[in-house]
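Accompanying notes for the structure given below.
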Amino acid sequence: MNTTLTSPSPTRGPLDHDVRTQIVDAATDYFTRYGYEKTTVSDLAKAIGFSKAYIYKFFDSKQAIGEVICANRLAEVMQAVDAAVAGGASASDRFRRMFRAFIDAGTALFFEDRKLYDIAATASRDAWPSVQAYERYVEELIARIVREGREAGEFERKTPLDETANAICLVMKPYINPLLLQYNLEGAQDATLHLSNLVLRSLAP
């Protein structure tokens, strides 16, 4: 599965331009130290040593910069999940690995750098394109695992696939959505085990 997230927010200049990368790297460091919400493009310009007008040659807003950072972080989460799922011996095993990997990767990437969590919170709250792409990835991955389980005879086939995948997404959402995960970190590992068992029992033929 392709885990590349692109940032649909308006950007200016070549996407592979060194200065654009420099701005994103500097913004990531600045947001990590001071938080996304409290930072302005003027703050970034001063920290990087560029004029604000020069930054606007590459990004049309602070959100456009945040989109790239958020997309990069979510892509890392998805790569970690894909790697975990690839090692599964069965659809049930892949489901358990997937659920656990979402929590592990989300916790590491969004909460070890607490200030950087501001971007995740804002992106989830305002439904940034990178978050919408991430949610589609989750839905498609779950549907794929359920389909593979049905083809292997592990899971029941009576319930429509989209209904099943949507219900599983709702069960998992408090633990895979970065905005909600912060409220569910305590006991998250136990919840992963219990909810995985619950879902898999419901899928039994």
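The values are calculated or read from the model by the stated rules, or taken from the named source; none is laboratory data. As the structure is a computational prediction, the values presented were derived from the model and not from experiment. FYI the Cβ positions are ideal-geometry reconstructions off the backbone, even for glycines, and counts take in every protein chain you see. Accessible surface areas use protein heavy atoms only, side chains included; no ligands, DNA or RNA. Shrake-Rupley method; radii C 1.70, N 1.55, O 1.52, S 1.80 Å.
Applying a threshold of 6 Å to beta carbon distances and a minimum spacing of six or more residues, or different chains, the list of pairs starting in segment 44-66 at a residue that is in contact (Cβ under 8 Å) with a residue 12 or more places away in the chain and ending at one that is open to solvent by 60 Å² or more (accessible area, probe 1.4 Å) and not aromatic (Phe, Trp, Tyr) reads Lys57/Arg12; Phe58/Arg12; Asp60/Pro10; Ala64/Pro10. Among the conditions (1) assigned to a helix (DSSP H, G or I); (2) free of Cβ contacts under 8 Å to residues at least 24 places away in the same chain; (3) outside the structural domain of Asp190 (by TED's automatic domain parsing); (4) open to solvent by less than 60 Å² (accessible area, probe 1.4 Å), the only one that Ala27 does not satisfy is (2). Filtered by the rule that a residue be open to solvent by 20 Å² or more (accessible area, probe 1.4 Å) and free of Cβ contacts under 8 Å to residues at least 60 places away in the same chain, segment 73-84 gives Arg73, Glu76, Ala80, Ala83, Ala84. Checking Gly66, Gly149, Gly87 one by one, the residue that is under 30 Å from Leu203 (Cα atoms) and open to solvent by less than 40 Å² (accessible area, probe 1.4 Å) is Gly149 and no other.
Cβ-Cβ distances below 8 Å connect the following pairs, each with a first residue in segment 157-169 that is under 19 Å from Gln132 (Cβ atoms), a second residue that is of a type outside the set (A, V, I, L, M, F, W, C), and a separation of six or more residues or different chains: Ala165/Glu139; Asn166/Glu139; Cys169/Glu139. Only a single item in (1) free of Cβ contacts under 8 Å to residues at least 40 places away in the same chain; (2) open to solvent by 40 Å² or more (accessible area, probe 1.4 Å); (3) in the same structural domain as Glu151 (by TED's automatic domain parsing) is not met by Ala101, and it is number (2).
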